[in-house]
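Note sheet for the following structure.
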Amino acid sequence: MRLALPTRLGGAVLVITIRDLEFRYAEGDFFLGIPELRIERGQTVAFIGPSGSGKTTLLNLIAGIVLPRAGRITTDGVELTALDDTGRRNFRIRRVGLVFQEFELLEYLSVLDNILLPYRINRSMRLDGAVRERAVRLAHEVDIGDKLHRYAPKLSQGEKQRVAVCRALLPEPGLLLADEPTGNLDPHNKGRVLDILFDYAARADATLVTVTHDHDLIGRYGRVVDFREFHA
Ligand code: ADP
Ligand code: MG
């Protein structure tokens, strides 16, 4: 993997730099064009905009899951557009915490093993007692500590979402990308999950990028990116 130092702009460290991005799927006529987007370390950012405007697509581009047709994306000092599939995958597992819109839990694994998954699929990350303890503690913080041995299909949507949040936080990433992480939760749990994401970002000086439709919670974010501006 080619590592570079994060780009600096004045005093701020840029965690995400996008230039002249053009993206299309192989099928359909969806187009996302972003001339420039810069996100600094430690920022908390809300991606908002109508359904179908490309919010999930942009998270996938920033995580290196998909590649643009043109332009450059640098995430946490790594130019993703210059890496191959394996390089991008290794980068992602190590450095990016992802909470997927559809959770992407493995049905044949328990809650605990789903949370530990990043450590099982990346051999360079050591799964030791301290990591297990942290996994259990995270699960308790989001009220699923009593369901550690339950299998994913037997969880409610809200419980699955909280497992996905624990899994994303466990490797202590510098960048958290969360796709509607409070979408399936009641107001109490919404607040709690957001508290956990924001507390983590503050403590670890991590960057938090969240897709959200919860307009009443947008005031918590340091910055809002409205996708209508990319389709003007
Ligand atoms: P959002 O998250 O803002 O609701 P998405 O990024 O999921 O929007 O999708 C943007 C557009 O791209 C939508 O019109 C969607 O139907 C389309 N799209 C998403 N995934 C694919 C795919 N794999 N192939 C073709 N079109 C897709
Ligand atoms: Mg989406």
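Quick notes
- For first residues located in the stretch 30-57 and at positive phi, partners that are part of a loop (DSSP other than H, G, I, E, B) and more than 10 Å from ligand 2 (Cβ to nearest atom) and lie 6+ apart or on another chain with Cβ distances below 9 Å form the pairs Gly42/Asp205; Gly42/Ala206; Gly42/Gly222; Gly52/Phe30; Gly54/Phe30.
- Identity of the residue in the stretch 65-86, under 18 Å from Glu40 (Cα atoms) and not in a helix (DSSP H, G or I), that ends up most open to solvent (accessible area, probe 1.4 Å): Arg72
- Selection status of Leu185, more than 19 Å from Thr17 (Cα to Cα), of a type outside the set (Ser, Thr, Tyr), under 17 Å from the mean Cα position of the chain (by Cα) and more than 16 Å from ligand 2 (Cβ to nearest atom): no
- Criterion: among the charged types (D, E, K, R), at pLDDT 95 or above and touching an Asp or Glu at 6+ places or on another chain (Cβ under 7 Å) - qualifying residue of Lys154, Lys147: Lys147
- Residue in the stretch 21-36 that is β-branched (Val, Ile, Thr) and within 16 Å of ligand 1 (Cβ to nearest atom) present: yes
- Which listed residue is surrounded by 15 or more Cβ atoms within 10 Å (Cβ to Cβ) and under 18 Å from Gln101 (Cβ atoms), from Gln157, Gln161: Gln161
- Some residue of the stretch 142-162 being within 16 Å of ligand 2 (Cβ to nearest atom) and among the β-branched types (Val, Ile, Thr): no
- Criterion violated by Asp146 - all others in (1) touching a residue at least 60 places away in the same chain (Cβ under 8 Å); (2) more than 16 Å from ligand 1 (Cβ to nearest atom) satisfied: (1)
- Among residues of the stretch 7-32, those that are at pLDDT 95 or above and open to solvent by less than 20 Å² (accessible area, probe 1.4 Å), counted: 5
- Criterion violated by Gly71 - all others in (1) in contact (Cβ under 8 Å) with a residue 40 or more places away in the chain; (2) within 16 Å of ligand 2 (Cβ to nearest atom); (3) out of contact with any His (no Cβ under 9 Å at 6 or more places or on another chain) satisfied: (2)
- Single condition Asn60 does not satisfy, out of (1) over 18 Å from Phe227 (Cα atoms); (2) open to solvent by 20 Å² or more (accessible area, probe 1.4 Å): (1)
- Of the residues making up the stretch 12-52, those that are in a loop (DSSP other than H, G, I, E, B), away from ligand 2 (no atom under 16 Å from the Cβ) and farther than 14 Å from Gly222 by Cβ are Ala26, Glu27, Asp29.
The values are calculated or read from the model by the stated rules, or taken from the named source; none is laboratory data. Predicted, not measured: the structure shown is a model, and the values here were computed from it. Note that each Cβ is placed from the backbone with ideal geometry, even for glycine, and that neighbours are counted across all protein chains shown. Protein only, heavy atoms only, side chains kept; ligands, DNA and RNA dropped before computing areas. Shrake-Rupley method; radii C 1.70, N 1.55, O 1.52, S 1.80 Å.
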